[in-house]
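Participant: Take this structure first; my questions come after.
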């Protein structure tokens, strides 16, 4: 099993519920296990700012899937939750990004690991720091990257890390 970091986000419908459902789907598979989940954050939109706030979280997943298969699983979960890709950085029911895959570097059509913009985005770094502060990405720890990122407007929405487990 390889430990991968995934980023989750959304701002349409009930993003908290969508992310929780996605995590439960991953955790129920024989080839994936949710090892840790961050707190849930409410974050201002990034890139395209004329839309509702997002909710974001990160998870560490132990998986037997290859990087491309993990990405395809994430996209399949998104499609199952009616994710429609209309505009870059636009509103969405759910977004699941493969941020890291062990210590591997992957540059293939449609897949870059580590995620190329993750170190610029506090909405990724803050939740990832909850569960993997010392993770090395592009030569620095998540904590070091976070100290350089603009954290304006980001607030904790769910202080517990088991928010995704459901009733």
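The values are calculated or read from the model by the stated rules, or taken from the named source; none is laboratory data. Fair warning: this is a prediction, and the values are worked out from it, not measured in the lab. No Cβ is skipped: glycine too gets one built from the backbone with ideal geometry, and neighbour counts run over all protein chains shown.
Participant: Can you tell me how many residues within segment 1-28 are touching a residue at least 40 places away in the same chain (Cβ under 8 Å), within 17 Å of residue 166 (Cβ to Cβ) and not in a strand (DSSP E or B)?
Facilitator: Count: 12.
Participant: Sort out which residues of segment 152-167 are surrounded by 12 or more Cβ atoms within 10 Å (Cβ to Cβ) and more than 24 Å from residue 23 (Cβ to Cβ), and write them in order of number.
Facilitator: Applying the first criterion (surrounded by 12 or more Cβ atoms within 10 Å (Cβ to Cβ)) to segment 152-167 yields 153-154, 156-158, 161, 163-165.
Selection gives 153 alone.
Participant: Which condition does residue 57 not pass, out of (1) more than 20 Å from residue 165 (Cβ to Cβ); (2) touching a strand residue (DSSP E or B) at 6+ places or on another chain (Cβ under 7 Å), if it passes all the others?
Facilitator: (1)
Participant: Ok, one more. Which of the following residues is surrounded by fewer than 23 Cβ atoms within 10 Å (Cβ to Cβ), touching a strand residue (DSSP E or B) at 6+ places or on another chain (Cβ under 7 Å), closer than 29 Å to residue 109 by Cβ and modelled with pLDDT under 95: 15, 45, 67? Walk me through how you get there before you give the answer.
Facilitator: Details: 15 fails: surrounded by fewer than 23 Cβ atoms within 10 Å (Cβ to Cβ); 67 fails: modelled with pLDDT under 95.
Being surrounded by fewer than 23 Cβ atoms within 10 Å (Cβ to Cβ), touching a strand residue (DSSP E or B) at 6+ places or on another chain (Cβ under 7 Å), closer than 29 Å to residue 109 by Cβ and modelled with pLDDT under 95 holds for just one of 15, 45, 67, which is 45.
Participant: Still on this structure, please answer the following. How many of the residues making up segment 116-138 are surrounded by fewer than 19 Cβ atoms within 10 Å (Cβ to Cβ) and either closer than 11 Å to residue 5 by Cα or free of Cβ contacts under 8 Å to residues at least 24 places away in the same chain (or both)?
Facilitator: 4
Participant: For residues that are within 28 Å of residue 68 (Cβ to Cβ), free of Cβ contacts under 8 Å to residues at least 40 places away in the same chain and in a loop (DSSP other than H, G, I, E, B), tally how many sit in segment 30-55.
Facilitator: Of the residues in that region, 2 qualify.
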